[in-house]
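S.K.: Next up is a structure, given as structure tokens.
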Amino acid sequence: MVFSNNDEGLINKKLPKELLLRIFSFLDIVTLCRCAQISKAWNILALDGSNWQRIDLFNFQTDVEGRVVENISKRCGGFLRKLSLRGCIGVGDSSLKTFAQNCRNIEHLNLNGCTKITDSTCYSLSRFCSKLKHLDLTSCVSITNSSLKGISEGCRHLEYLNLSWCDQITKDGVEALVRGCRGLRALLLRGCTQLEDEALKHIQNYCHELVSLNLQSCSRVTDDGVVQLCRGCPRLQALCLSGCGSLTDASLTALALNCPRLQILEAARCSHLTDAGFTLLARNCHDLEKMDLEECVLITDRTLTQLSIHCPKLQALIPRLDPSSLPGGHHGHPILPARKPRCGALQKHAVCRAAQMSLSHCELITDDGILHLSNSPCGHERLRVLELDNCLLITDVALEHLEHCRGLERLELYDCQQVTRAGIKRMRAQLPHVRVHAYFAPVTPPTAAGGGGPRLCRCCVIL
């Protein structure tokens, strides 16, 4: 037995408390809680604040009540550096005020989905948590411009801020924020639908260190705003413009001429972008690694050719960048719309090494474009996932070209009406490990003998 009745087990006698405490520091929350129930001695060691410097309650328990956060803050005090309350919808302003007062050395705070919090929480953070560097307020829909003003005054070391789906934020809030937090490196504004070009002008004026910006679904943003942004943020590496439907090649030109370090570009549903803009981009931004061109319906094989020639690091043309891919390894957890899960590259700065390429709904792409792709270093060596759904000009010839992509693991061919079962079979004979997702309409069965009922395909019968 490890412990005797007097609570002095052998391990407690042989090892000094300092060493036991060091061992406990490597344990996760669940294990620490279990150890705390072993004995009085281990309870003291397991619940020592030095063991609770990084806490993530998302995988432990999401229905956390406010008093739990208060108790944690009192026990951890100044030791706590990182806390994630993602999805803890029961936590409100009062609990977080107590937390801010007790944990003044907090650097990384994730409040994603804590829908009860208001501007009051941001006031508390501003007043007591001056060392804060990473703050995630995704889907905290009660947050207003007042919160950003408070943060800018008290959290001047902030480097990462996620305000996705905080749709009360306007250009005035952005201006207040960037005036005080000039060291911002990552700013996520997805779904902040009130933002206009003037907000980007403020970012241009004050955030010269910015490397990642997400403007997904900020539909009021135009070329003028993007042009100004590019001129003031030459270090930009990751930019999401998906859903900014009024953008044209002028935005791509500004990126090409001002942001040579660009690695990630999401431009899904920007239907006015053309080969001309992407050609200039490819010729100037040689570090491009990931792009989302879904529903860029005007691009043709020429875009693929230029990217293949000028962007040797290109790994992915993706429709879904993981909300966790920003420079610096910051993690975000966006609430995405109920269509194809979309991006994320702009939320985690660590680049994913598994290549994915999506040309979904790019209806002018042909077999020749796939040929250039498969023969390029990015296709021949790195490509893992390729999505060609709704590329209506693709035929079995494209599948023959893809046989050169020896690392290919998954291929999407939904609604590629010129691709046949035979073509897929021939390709899989060369690449047997590839998972192919395609759909072939079921054959309408013959009318039942003696029946004059409706003729239904098998799918309709099942339904």
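S.K.: With in a helix (DSSP H, G or I) and in contact with a Cys (Cβ under 8 Å, 6 or more places away or on another chain) as the only criterion, which of LEU132, LEU83, LEU125 stands out?
M.R.: Only one candidate passes the filter, namely LEU125.
S.K.: On to the next question. Is it fair to say ASP93 is under 19 Å from LEU57 (Cβ atoms) and within 21 Å of the chain's Cα centre (by Cα)? Spell out the reasoning first.
M.R.: Details: under 19 Å from LEU57 (Cβ atoms): yes; within 21 Å of the chain's Cα centre (by Cα): no.
No; evaluated as a whole, the condition is false for this residue.
S.K.: Here's something else I'd like to know. Does SER73 qualify as being touching a residue at least 24 places away in the same chain (Cβ under 8 Å), open to solvent by less than 90 Å² (accessible area, probe 1.4 Å), more than 22 Å from ASN105 (Cβ to Cβ) and not hydrophobic (A, V, I, L, M, F, W, C)? It would help to see each step written out before you state the result.
M.R.: Details: touching a residue at least 24 places away in the same chain (Cβ under 8 Å): yes; open to solvent by less than 90 Å² (accessible area, probe 1.4 Å): yes; more than 22 Å from ASN105 (Cβ to Cβ): no; not hydrophobic (A, V, I, L, M, F, W, C): yes.
Considered against the rule, which asks whether it is touching a residue at least 24 places away in the same chain (Cβ under 8 Å), open to solvent by less than 90 Å² (accessible area, probe 1.4 Å), more than 22 Å from ASN105 (Cβ to Cβ) and not hydrophobic (A, V, I, L, M, F, W, C), SER73 comes out as no.
S.K.: So for the range 156-168 (the condition being touching a Pro at 6+ places or on another chain (Cβ under 6 Å), buried (at least 19 other Cβ atoms within 10 Å of the Cβ) and at pLDDT 95 or above), does at least one residue qualify?
M.R.: Let us first name the residues in the range 156-168 that are touching a Pro at 6+ places or on another chain (Cβ under 6 Å), namely 164.
Restricting the remaining residues to those that are buried (at least 19 other Cβ atoms within 10 Å of the Cβ) gives 164.
After this cut, where a residue has to be at pLDDT 95 or above as well, the list is 164.
So far as the range 156-168 goes, yes, one or more of its residues are touching a Pro at 6+ places or on another chain (Cβ under 6 Å), buried (at least 19 other Cβ atoms within 10 Å of the Cβ) and at pLDDT 95 or above.
S.K.: Go through the range 367-399 and give me each residue that's in a loop (DSSP other than H, G, I, E, B) and within 16 Å of TYR414 (Cα to Cα). Don't jump to the end; show me each part of the working.
M.R.: Just the residues of the range 367-399 that are in a loop (DSSP other than H, G, I, E, B), to begin with: 376, 388-394.
Once the filter is applied, which keeps residues that are in a loop (DSSP other than H, G, I, E, B) and within 16 Å of TYR414 (Cα to Cα), the range 367-399 yields LEU388, ASP389, ASN390, CYS391, LEU392, LEU393, ILE394.
S.K.: Every residue in the range 265-287 that is over 18 Å from THR300 (Cα atoms) and open to solvent by 10 Å² or more (accessible area, probe 1.4 Å), please.
M.R.: ASN284, HIS286, ASP287, listed by residue number.
S.K.: Kindly indicate whether LEU135 is in contact with a Leu (Cβ under 6 Å, 6 or more places away or on another chain) and closer than 20 Å to GLN204 by Cβ.
M.R.: On the way: in contact with a Leu (Cβ under 6 Å, 6 or more places away or on another chain): yes; closer than 20 Å to GLN204 by Cβ: no.
No.
S.K.: Looking at (1) at pLDDT 95 or above; (2) out of contact with any Asp or Glu (no Cβ under 7 Å at 6 or more places or on another chain), which is the only condition LEU111 fails?
M.R.: Status for LEU111: all satisfied but (2).
S.K.: Still on this structure: What's the number of the condition ALA186 fails, among (1) in contact with a helix residue (DSSP H, G or I) (Cβ under 7 Å, 6 or more places away or on another chain); (2) under 22 Å from ARG156 (Cβ atoms)?
M.R.: If we test ALA186 against (1) in contact with a helix residue (DSSP H, G or I) (Cβ under 7 Å, 6 or more places away or on another chain); (2) under 22 Å from ARG156 (Cβ atoms), just (1) comes out false.
S.K.: Looking at ARG190, ARG220, ARG127, can you tell me which residue is open to solvent by 10 Å² or more (accessible area, probe 1.4 Å), among the basic types (Lys, Arg) and out of contact with any Asp or Glu (no Cβ under 8 Å at 6 or more places or on another chain)?
M.R.: Numbers: ARG190 fails: open to solvent by 10 Å² or more (accessible area, probe 1.4 Å); ARG220 fails: out of contact with any Asp or Glu (no Cβ under 8 Å at 6 or more places or on another chain).
Checking each option against the conditions leaves just ARG127.
The values are calculated or read from the model by the stated rules, or taken from the named source; none is laboratory data. Given the structure is predicted, the values throughout are model-derived calculations rather than measurements. Glycine gets a Cβ as well: all are built from the backbone with ideal geometry, and neighbour counts include every protein chain shown. Surface areas here come from the heavy atoms of the whole protein model, side chains and all, with no ligands, DNA or RNA. Shrake-Rupley method; radii C 1.70, N 1.55, O 1.52, S 1.80 Å.
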